[in-house]
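K.L.:
My questions will all concern the structure given below.
The values are calculated or read from the model by the stated rules, or taken from the named source; none is laboratory data. Note that the structure is a prediction, hence the values are computed from the model and not measured. Here the Cβ is made from the backbone with ideal geometry for all residues, glycine too, and neighbour counts use every protein chain on show. Keep in mind that these areas ignore ligands, DNA and RNA; they rest on the heavy atoms of the full protein, side chains included. Shrake-Rupley method; radii C 1.70, N 1.55, O 1.52, S 1.80 Å.
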Amino acid sequence: MITLLDYGAGNVRSVINAIEHLGETVKIVSNVDEISSAEKLVFPGVGNFGSIMHTLNEKNYVNALKNYLNSGRPFLGICLGLQLLFEKSDEMPGIKGLGLIPGTVKRFDINLSVPHIGWNGINIKKSSQAFQGLHGNEKFYFVHSYHVIPDDKSVILTTTNYDTEFVSSIQKKNIIATQFHPEKSGDAGLLMLENFISSGDKKVLPAAISKKTRLAKRIIACLDVRSNDCGDLVVTKGDQYDVREDGKVRNLGKPVELARRYYKEGADEITFLNITGFRDFPLEDMPMIEVLRQTSRNVFVPLTIGGGIRDYTDKNGKKYTALQVAHKYFRSGADKISIGSDAVLIVEAYLKTGHKTGNSSIEQISRVYGNQAVVISIDPKRVYVSSPEHVKHHVIPTKIHGPNGEKYCWYQCTTKGGREGREVDAVTLAQVCEKLGAGEILLNCIDKDGTNSGFDIELINSVKGAVSIPVIASSGAGSPEHFSEVFKKTKAESALGAGIFHRKEVSIKEVKAYLDDSLEMRRMS
Ligand code: 1PR
């Protein structure tokens, strides 16, 4: 039996699913005594250092946790579950951590995108039972903006390189804690979890000991989901956002089955977009929540969900916050949520006043779950202009000239799945959302969507050049060469495909095999 410390936020569902998948039962801590009596304790953590410490104090868990950590019994901390073992963090100066490991937690101060999101390797520093069965060159899933700095270097189990070399896991006797997420790291992560569960004492050093790791480019499979005309929830796909063919919603498969297929093929991440979410209310739209629950039971890579995340008042006048909606998704197995239409409205309001309200969905959710959990999905389309002076937006010179020979364009943001054009451009939107706390940009392009003609390189470069958070290039993938092109000509950290995979024109495995020679990719074991 594994005892799991659930502090009420973040995606503990994935950790439970992974442990249960390995045949072990999970008991969730509901009072202090259950910490004291635990035989093996797992402390998963996504979120904010300050808000989790606040919750632990409020629930009176701190002393019990410290006693447990000093007892010599097995402990596995994940992500924030590692950081909280330290004395303090830049994320919330003034708030004391558990202080078991002398040292601090610092924000990345580097020339690459922060958060560090994606699959990276580990440089193994000492032998451990945690490594049984590993080759040593596997990649694990990271998503964080802060990293730990222990005073005593002997506790360092692994390091990882991301511009700088940082500590990616520690071990002190029976306490193991990882910055990466084993529960989201496919087979390699499951193996590590299994090693923790079986608690063997044979320490091993894997065969491959790397000196420098590299972050892999991510390939993401996207599933646009909605109800078809018979009321069944289906994966659909549009041509420039038009999902109807001969008047009917295209049906390309069942969400849970397709997600499983993409996981097996090597997808580094899976995104579900509830494309009619702008008119439905997700808390009433239980099928999406069920899709997440079922998918996360046997898909062990990160899951993002978008569609309808906003404040909402129901027909009886009851108010719900975007945070409540996001909470439900995280508890059902999502690792990140994606905000589309609401982000445009938030940015419009911000541009009018120049002030943060602190109450927008972006701010609310990032404050509790961390920036890395908030993705902004942008649905822009090109607007051609003959001169940059003609509009107040971010205008770029374009090689793809307009219908009247225009040599300039800007990218207009839309809401409601492309139905409504707004007076905000994609560059401004991305910049303001970053300021408000977003951790990643999912950059679609209505002109390119479903065309199989390649990504809009000009759009991606203009947005990527304006923000320091990671960007997912999306829309237009039609061949492995298009993925290669987007990674070579832009600094996008990941690329997303939909139609190409749904129609089985090319598999994710083939895309990755094609890129493997020239780019760092996560290989399947
Ligand atoms: O506005 O917060 O409720 O979120 C709704 C979400 O649904 C947004 O993220 C929006 O992008 C998405 N959405 C709304 N309508 C559509 C539609 O297609 N009619 N899908 C839609 C957008 C775009 C991509 C697509 C890529 C790759 N889908 O995600 O998967 O373009 O396609 P391709 O590889 O086949 O070219 P809210």
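K.L.:
Go through region 251-277 and give me each residue that's open to solvent by 40 Å² or more (accessible area, probe 1.4 Å), assigned to a loop (DSSP other than H, G, I, E, B) and not β-branched (Val, Ile, Thr).
P.N.:
Within region 251-277, 251, 252, 254 qualify.
K.L.:
Just give me the residues in region 327-346 being open to solvent by less than 10 Å² (accessible area, probe 1.4 Å) and within 11 Å of the ligand (Cβ to nearest atom), in sequence order.
P.N.:
Keep residues of region 327-346 that are open to solvent by less than 10 Å² (accessible area, probe 1.4 Å), which gives 329-330, 332-334, 336-339, 343-344.
337, 338, 339, 343, 344, listed by residue number.
K.L.:
Which one of 280, 242, 229 is surrounded by fewer than 24 Cβ atoms within 10 Å (Cβ to Cβ), within 10 Å of the ligand (Cβ to nearest atom), acidic (Asp, Glu) and farther than 22 Å from residue 330 by Cβ?
P.N.:
Working: 280 fails: farther than 22 Å from residue 330 by Cβ; 229 fails: within 10 Å of the ligand (Cβ to nearest atom).
So the residue among 280, 242, 229 that is surrounded by fewer than 24 Cβ atoms within 10 Å (Cβ to Cβ), within 10 Å of the ligand (Cβ to nearest atom), acidic (Asp, Glu) and farther than 22 Å from residue 330 by Cβ is 242.
K.L.:
Going through region 18-42 one residue at a time, which ones are surrounded by fewer than 22 Cβ atoms within 10 Å (Cβ to Cβ), out of contact with any strand residue (DSSP E or B) (no Cβ under 9 Å at 6 or more places or on another chain) and within 18 Å of residue 195 (Cβ to Cβ)?
P.N.:
21, 22, 23 - these are the residues of region 18-42 that are surrounded by fewer than 22 Cβ atoms within 10 Å (Cβ to Cβ), out of contact with any strand residue (DSSP E or B) (no Cβ under 9 Å at 6 or more places or on another chain) and within 18 Å of residue 195 (Cβ to Cβ).
K.L.:
Just checking: which of the strands (runs of 3 or more DSSP E) contained wholly in region 377-473 hold 1 or more residues that are touching a Cys at 6+ places or on another chain (Cβ under 6 Å), open to solvent by 20 Å² or more (accessible area, probe 1.4 Å) and not small (Gly, Ala, Ser)? Quick ask: steps written out before the conclusion?
P.N.:
Working: elements: 380-385, 408-415, 420-425, 440-443, 471-473.
Output list reads 380-385, 420-425.
K.L.:
In region 297-321, how many residues are of a type in the set (D, E, K, R), within 15 Å of the ligand (Cβ to nearest atom) and not in a loop (DSSP other than H, G, I, E, B)? Outline the logic, then answer.
P.N.:
Taking region 297-321 first, the residues of a type in the set (D, E, K, R) are 297, 310-311, 314-315, 318-319.
Applying the additional criterion that residues be within 15 Å of the ligand (Cβ to nearest atom) yields 310-311.
Next cut, not in a loop (DSSP other than H, G, I, E, B) only: none.
The total comes to 0.
K.L.:
Something else: Is there a residue being closer than 20 Å to residue 240 by Cβ and within 16 Å of the ligand (Cβ to nearest atom) anywhere in region 361-370? Talk me through it step by step, then tell me what you get.
P.N.:
Our first condition is that a residue be closer than 20 Å to residue 240 by Cβ; within region 361-370, this holds for none.
Looking for residues that are closer than 20 Å to residue 240 by Cβ and within 16 Å of the ligand (Cβ to nearest atom), one finds none in region 361-370, hence no.
K.L.:
Given the options 324, 294, name the one that is more than 14 Å from the ligand (Cβ to nearest atom), touching a helix residue (DSSP H, G or I) at 6+ places or on another chain (Cβ under 6 Å) and either open to solvent by 50 Å² or more (accessible area, probe 1.4 Å) or part of a helix (DSSP H, G or I) (or both). Show your work before the answer.
P.N.:
On the way: 324 fails: touching a helix residue (DSSP H, G or I) at 6+ places or on another chain (Cβ under 6 Å).
Answer to the check: 294.
K.L.:
Could you grab me the full set of residues in region 97-140 that are without any contact (Cβ under 8 Å) to a residue 60 or more places away in the chain and either among the small types (Gly, Ala, Ser) or in contact with a helix residue (DSSP H, G or I) (Cβ under 7 Å, 6 or more places away or on another chain) (or both)?
P.N.:
Answer for region 97-140, where residues must be without any contact (Cβ under 8 Å) to a residue 60 or more places away in the chain and either among the small types (Gly, Ala, Ser) or in contact with a helix residue (DSSP H, G or I) (Cβ under 7 Å, 6 or more places away or on another chain) (or both): 97, 98, 99, 103, 105, 140.
K.L.:
Follow-up question, since we're still on this one. Can you list the helices (runs of 4 or more DSSP H) found entirely within region 43-101 that contain at least 3 residues being open to solvent by less than 30 Å² (accessible area, probe 1.4 Å) and over 19 Å from residue 130 (Cα atoms)?
P.N.:
Numbers: elements: 49-58, 62-70, 80-83.
Here the list reads 49-58, 62-70.
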